Amino acid sequence: MNIQRWIARREPNWQRLDTLLKQVEKKGLKSVRAQEIRELASLYRSVAADLARARTQQIGQTLIQSLQNLTTRGYTQIYQGSRRQEWRAALEFYRWGLPSVVQQTFVYIATATALFLLGALVSWWYAWQDPTFMSLVVPQHLISQVRDEHKLWMGSIVGVEPLASSSIMINNLSVSFGAVAGGISAGAYTTYLMVFNGLLIGAVGTLVGQNNLAYPFWAFVFPHGALELPAIFFAGGAGLLLARAILFPGKYRRGDALKFYGSQAAQLVFGIVPMLIIAGTIEGFFSPNPNVPNPIKYLVGLGLFIFLVLYCNRKSR
């Protein structure tokens, strides 16, 4: 191989890659056009091959080091740069994308919320009218603890906060994912979960109200419930979106409807996960803390709910 001729033929590519890398290193990937990004990737692969050839032919160490430096810079910008772009995209989604999809799917989220509230209202009514109804929904040991000992069960969390918090997160995530996946059953399982959880909270609310423990109970629920319950409603809305695609695809073919509504459901799921992680942390460490006055817990819960409402009403740029 004529080394001088090979260097003369390949050097323009090395110089062009160096020029593009300097621009990206200085101004970021957004500063180059899509065509230049493709050119950057192609030049990187070409120079990497040149480096391998230079090593094989034992061409001067100075040239090998120069090509090594060039390929290292290219790798950093192409691969690590793409990961930075992914993080930026994720940040952009949580800043603007999630509020937008919540607004677009509000009817489905509101329907899931209505199913939950209907279950809570029915349970509240029957629990006051028929004492035996309570035992059909609420575990007997909780009923005995509240009625006989006049104590709430949240004290068991104190002292085992990390374990309790992780268990709460796992449980809430499983319920939420079940509500989403329930859309595949044409929404039947999603509807069941929404109504059942409403029945449970309505019966428990009646139980603590009958035994004069409503104030400390709702002080416990408010801080984490401000995020946990909306997250479950979002999950129910996602499940109903999938049910809509199956039952009423409209102008789409059923497969295309599943892709379209499934995409919106997936975006809601991306929003649910951090909400439930935060809610689980609050429920494990803050809500049951006896050193925090109940009025503060109510204020924190109210503040979180107002923040969530304002966040979900953000308008896309």
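The values are calculated or read from the model by the stated rules, or taken from the named source; none is laboratory data. Computed from a prediction, not measured in an experiment: that's the story for all the values here. Because the Cβ atoms are built from the backbone with ideal geometry, glycine has one as well, and the counts that use them run over all protein chains shown. Areas reflect the complete protein model, heavy atoms only, side chains present, ligands, DNA and RNA absent. Shrake-Rupley method; radii C 1.70, N 1.55, O 1.52, S 1.80 Å.
For Thr281, all conditions in the list (1) within 29 Å of Arg95 (Cβ to Cβ); (2) more than 17 Å from the chain's Cα centre (by Cα); (3) buried (at least 16 other Cβ atoms within 10 Å of the Cβ) hold save one; what is the number of the exception?
Result: Thr281 fails condition (2) only.
Answer yes or no: is there a residue in region 109-126 that is farther than 30 Å from Val208 by Cβ, surrounded by 14 or more Cβ atoms within 10 Å (Cβ to Cβ) and not acidic (Asp, Glu).
Checked region 109-126: no residue is farther than 30 Å from Val208 by Cβ, surrounded by 14 or more Cβ atoms within 10 Å (Cβ to Cβ) and not acidic (Asp, Glu).
Which residues, taken from region 236-263, are part of a loop (DSSP other than H, G, I, E, B) and crowded, with 16+ Cβ neighbours inside 10 Å?
Pro249
If you take the residues of region 73-84 that are within 20 Å of Arg16 (Cβ to Cβ) and open to solvent by 70 Å² or more (accessible area, probe 1.4 Å), which of them is modelled with the highest pLDDT?
Of everything passing the filter in region 73-84, Tyr75 is modelled with the highest pLDDT.
For (1) assigned by the TED database to the domain that holds Ile278; (2) open to solvent by 10 Å² or more (accessible area, probe 1.4 Å); (3) in contact with a strand residue (DSSP E or B) (Cβ under 6 Å, 6 or more places away or on another chain); (4) under 22 Å from Leu308 (Cβ atoms), each residue gets a yes or a no:
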residue: Thr190; (1), (2), (3), (4): yes, no, no, yes
residue: Val195; (1), (2), (3), (4): yes, yes, no, no
residue: Ile201; (1), (2), (3), (4): yes, yes, no, yes
residue: Gly209; (1), (2), (3), (4): yes, yes, no, no
residue: Asn212; (1), (2), (3), (4): yes, yes, no, no
residue: Leu227; (1), (2), (3), (4): yes, yes, no, yes
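Kindly provide the set of residues from region 286-304 that are assigned to a helix (DSSP H, G or I) and either small (Gly, Ala, Ser) or surrounded by 17 or more Cβ atoms within 10 Å (Cβ to Cβ) (or both), ordered by number.
Residues satisfying the conditions are Lys297, Val300, Gly301, Gly303, Leu304.
Quick one: what pairs do we get from region 263-292, first residue farther than 17 Å from Leu227 by Cβ, second β-branched (Val, Ile, Thr) and crowded, with 19+ Cβ neighbours inside 10 Å, C-beta under 7 Å, 6+ apart or different chains?
Matching pairs, first to second residue: Gln264/Val101; Gln264/Thr105; Ala265/Val180; Gln267/Val101.
Can you go through Ile143, Ile170, Ile157 and tell me which one is open to solvent by less than 20 Å² (accessible area, probe 1.4 Å) and modelled with pLDDT under 90?
It is Ile143.
What is the residue count in region 213-249 for residues that are of a type outside the set (A, V, I, L, M) and closer than 12 Å to Asn294 by Cβ? Spell out the reasoning first.
Going through region 213-249, the residues of a type outside the set (A, V, I, L, M) turn out to be 215-218, 220, 222-225, 228, 230, 233-234, 236-237, 239, 244, 248-249.
Of the ones still in play, those that are also closer than 12 Å to Asn294 by Cβ are 215-218, 220, 222-223.
The qualifying residues number 7.
Looking at region 29-48, which of its residues are outside any helix (DSSP H, G or I) and open to solvent by 90 Å² or more (accessible area, probe 1.4 Å)?
Arg33
Give the residue that is farthest from Ala89 (Cα to Cα), with candidates limited to residues of region 5-52 that are β-branched (Val, Ile, Thr) and touching a residue at least 40 places away in the same chain (Cβ under 8 Å).
Ile7
Can you pull out the residues in region 293-317 that are of a type in the set (Phe, Trp, Tyr), farther than 18 Å from Tyr215 by Cα and touching a residue at least 40 places away in the same chain (Cβ under 8 Å)? Steps first, please.
Start the filter on region 293-317 by keeping residues that are of a type in the set (Phe, Trp, Tyr), which leaves 298, 305, 307, 311.
Imposing the further condition that a residue be farther than 18 Å from Tyr215 by Cα reduces the set to 305, 307, 311.
Within region 293-317, Phe305, Tyr311 qualify.
Every residue in region 49-67 that is within 13 Å of Leu17 (Cβ to Cβ) and open to solvent by 40 Å² or more (accessible area, probe 1.4 Å), please.
The answer is Ala49, Ser66.
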